[in-house]
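As structure tokens, the structure follows; a few thoughts come after it.
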Amino acid sequence: KHQLRWARTIRASKGPGYAGLPVTHAGVWITILLLSAHWRYAIALWVIRTAMVFVSGGFVSQSGLALALCWLAPLWDVFAFAVWLGSYRSRKVEWRDKSLSIGKDGRIQPSQESVREHGA
């Protein structure tokens, strides 16, 4: 729910540019390469993506967790792609047990279900 809320609010604030976000999801490209039997490119991309997290998370952010789990970054990318897809399913978000929606203008407002429940 948290990831979807973020994705839906980012989608509202970034506009059409949000549609291009999957280009940055290396794990999706790795999966496509594996499914099309381009093993060498898939492995090379996995190594590059892992190295990016190793350097940025391990050295820049000095995160031991990032160092230990950097090899999982492409799997996170696949998850992030699924969240990206889910962000287009609706404009509804949940926050602190409240049902809200994101208007076409990008403003967060009570959802129609919430308005009906509370008689507002």
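The values are calculated or read from the model by the stated rules, or taken from the named source; none is laboratory data. Since this is a predicted model, take the numbers as computed values, not measurements. Positions of Cβ are generated from backbone atoms using ideal geometry, with glycine treated the same way; all protein chains shown enter the neighbour counts. All accessible areas refer to the heavy atoms of the entire protein, side chains included, with ligands and DNA or RNA removed. Shrake-Rupley method; radii C 1.70, N 1.55, O 1.52, S 1.80 Å.
Data for the structure
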read-out	value
Listed residues His2, Ala66, Ser36: farthest to the positive end of the dipole of the chain (Cβ charges)	His2
Length gained when the stretch Phe59-Asp97 is fully extended (0.36 nm per residue, less Cα-Cα span)	9.9 nm
Sites excluded, trypsin sites (Lys or Arg not before Pro) in DSSP loops with at most 14 other C-beta within 10 Å, longest stretch of the chain	2-88
Relative contact order computed over the chain (Cα-Cα under 8 Å; 6+ residues apart), in percent	30
Relative contact order %, the stretch 4-70, counting alpha carbon pairs below 8 Å whose residues are six or more apart	18
Computed [θ] at 222 nm, deg cm²/dmol, the chain (DSSP H ≥ 4; -39,500 (n - 2.57); rounded to nearest 500)	-16500 deg cm²/dmol
Euclidean distance between Cα centres, the stretch 80-111 to the stretch 7-30, Å	15
Reciprocal of mean inverse Cα separation for the chain (Kirkwood radius, Å)	16.4
0 to 90° range, to nearest 10: angle between helix 73-87 axis and the chain longest Cα axis	20
Accessible-area composition of the chain, carbon plus sulfur, in percent [1.4 Å probe]	66
For the stretch 14-74, accessible area per residue (1.4 Å probe, heavy atoms of protein chains only), Å²	67
